[in-house]
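Heads up, the thing below is written out as structure tokens.
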Protein chains: 2
Amino acid sequence: MSLTESGVSQPKTARGQKTREALLRAAEKVFGEKGYYVASISEITQEAEVAMGTFYLYFKDKEDIFRALVQHMLELVRAHLRKHVGPAQTQIEAERLGLKAFLSFVSRHKNLYRIVLDSYSVDETIYSSYFQVFADVYSRRLGKAEEQGEISPGDAEVRAWCLIGISNFLGMRYALWKRPASMDKVVDTAFDMISHGLAAR
Amino acid sequence: MSLTESGVSQPKTARGQKTREALLRAAEKVFGEKGYYVASISEITQEAEVAMGTFYLYFKDKEDIFRALVQHMLELVRAHLRKHVGPAQTQIEAERLGLKAFLSFVSRHKNLYRIVLDSYSVDETIYSSYFQVFADVYSRRLGKAEEQGEISPGDAEVRAWCLIGISNFLGMRYALWKRPASMDKVVDTAFDMISHGLAAR
């Protein structure tokens, strides 16, 4: 599920892997703060405390490390979600835990949005693939939950995109732009709408 | 509700207004196809068949016309939604009509997403203001609908951001990237989730 055939080659040693990760961490900071078009490779190597020549052992150019970074962010989000959603007994419970976990991820990775949004102008397919990965995983989970009678019947793919839209916009509004007095209340409200909808009951 | 104090001055004559609109239509095409960073003023004036000097009667620079364009797109979307949601008797009905109208707007304005997404890297406040305008209007409508017993109780602002997220992601997936066999079925599925949620009934 790689967004990209990025990288000159994957490092074979633990030390190489560490250097590559340091470059990606630096890239998260530099691309996130400056944006793709303004950021430079030299800022990334300085931030990572790595020589310029070393950079090219791991990445071909600025676009290459950027593609690898989006893939890296995707893996970080997914690992975070898996960890927090794991304990859920049903898909409905998973929705609540997943939303809460995503908001906490965004609170700690403020640069996620700028990186993902910038990817749209670098190459629209990076952006679409990023969300498609989530949509595929989500659709499978929803399909299974429907089979098991945990949720009402309905097209899993359309629902997956709705749910991704909800997480994405709540993350932007409440975890990135302006934190609410209580994040739990935001999660409660959204979760109530996701499980029971808006219709008068 | 202007996103920007854009423009050297608003044209006073009908002819001036027409020229400004021609420049904005050209900007929608050029920024949408090339992206903000690659697009140039000369491409916009060529597309609009307007002399370069004329451009500066209406806009200060590239960023200025871009800000005016985002505001213009916002007004186009809102006018389209007002027209199609107008006949709705209840907020729940408005959700269905609004979603359908938004998807048809995106089908006809394929450049909307790139323009709005690019605005994030030009100046995050253009992007956040764009969505905040929708969120404010939406929150007021939801608050009123709750008072009138048309929808169940719940924080209107959080719900507004959820609903904006749903429209935005469905528009991207189904109107921009890959059209479904039936757009009505997409709307039906999303509307069912918006009104009744995912919980088994």
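The values are calculated or read from the model by the stated rules, or taken from the named source; none is laboratory data. Keep in mind that what you see is a predicted model, and the values were worked out from it rather than measured. Cβ atoms come from the backbone with ideal geometry, glycine included; neighbour counts cover every protein chain shown. The protein model used for the area step is the full one, side chains on, heavy atoms only, and it has no ligands, DNA or RNA in it. Shrake-Rupley method; radii C 1.70, N 1.55, O 1.52, S 1.80 Å.
Can you tell which of B:30, B:137, B:85 shows the greatest fluctuation in a Gaussian network model of chain B with Cα springs below 10 Å?
It is B:137.
Tell me the mean residue ellipticity at 222 nm calculated for the protein assembly as shown from its helices only (DSSP H runs of n ≥ 4, each -39500 (n - 2.57), averaged over every residue, nearest 500).
Rounded to the nearest 500, the figure is -23500 deg cm²/dmol.
Taking a label point 7 Å out from Cα toward Cβ, give me the nm distances from residue A:76 to the same spot in the other copies, shortest first, one decimal.
3.6
Taking a label point 7 Å out from Cα toward Cβ, give me the nm distances from residue A:54 to the same spot in the other copies, shortest first, one decimal.
5.7
How much area per residue is accessible in the range A:66-196 when the probe is 1.4 Å and only protein heavy atoms are counted (Å²)?
Per residue, the range A:66-196 has an accessible area of 39 Å².
For the range A:89-201, what class follows from the C-alpha gyration tensor (a ≥ b ≥ c being the square roots of its eigenvalues): rounded when a/c is under 1.5, otherwise prolate if a/b is larger than b/c, else oblate?
Oblate, because a/c is 1.5 or more while a/b does not exceed b/c.
Relative contact order of the range A:14-60, please, whole-number percent, based on alpha carbon pairs below 8 angstrom and at least 6 residues apart.
Reported relative contact order: 40 percent.
If you count only protein heavy atoms with a 1.4 Å probe, what accessible area per residue comes out for the range A:14-60, rounded to a whole Å²?
For the range A:14-60, the per-residue accessible area is 54 Å².
Can you give the mean number of other chain Cβ atoms that lie within 10 Å of the Cβ atoms in peptide B:150-158?
The mean count of partner-chain Cβ atoms within 10 Å per residue comes to 6.
Any idea what the relative contact order of chain A is, in percent, if you count C-alpha pairs under 8 Å spaced at least 6 apart?
Across chain A, relative contact order equals 22 percent.
How far apart, in nm, are the 7 Å Cα→Cβ label points at residue B:104 and residue A:152?
2.6 nm
One decimal, nm, shortest first: give the distances between the label point of residue A:144 and those of the same position in the other copies, each label point 7 Å from Cα along Cα→Cβ.
4.5
Roughly how much accessible area, to the nearest 100 Å², goes out of reach of solvent when B and A pair up, both sides summed, probe 1.4 Å?
For chain B against chain A, roughly 4400 Å² becomes buried.
First select every other residue whose beta carbon is under 13 angstrom from the beta carbon of residue B:89; then total the charges, Lys and Arg +1, Asp and Glu -1.
In short, -2.
Once you list every other residue whose beta carbon is under 11 Å from the beta carbon of residue A:103, what net charge do they have if Lys and Arg are +1 and Asp and Glu are -1?
With Lys, Arg at +1 and Asp, Glu at -1, the net is +3.
Between residue A:75 and residue A:54, how many nm apart are label points set 7 Å from Cα along the C-beta direction?
My value for the distance between the label points is 1.9 nm.
Under a crude label model (7 Å from the Cα following the beta-carbon direction), how far is residue B:46 from residue B:12 in nanometres?
Placing both labels 7 Å beyond Cα along the Cβ direction yields 3.4 nm.
Kindly identify chain A as rounded, prolate or oblate by the Cα gyration tensor criterion: order the square roots of the eigenvalues as a ≥ b ≥ c, call it rounded if a/c is under 1.5, otherwise compare a/b with b/c, prolate if a/b is larger, else oblate.
Because a/c hits 1.5 or more and a/b exceeds b/c, chain A counts as prolate.
Show me the helices of chain A, taken as full DSSP H stretches, that run 20 Å or more along their long axis by Cα and average -1.0 or above in Kyte-Doolittle hydropathy.
A:14-34, A:62-85, A:91-108, A:124-147, A:156-170
Over 23 Å between Cα atoms: which of A:62/B:178; B:34/B:60; A:83/A:144; A:12/A:110 fall into that group?
Over 23 Å apart, Cα to Cα: A:62/B:178; A:12/A:110.
In the neighborhood of residue A:184, defined by Cβ-to-Cβ distances under 11 Å, what is the net charge if each Lys or Arg adds +1 and each Asp or Glu adds -1?
Net charge around residue A:184: +2.
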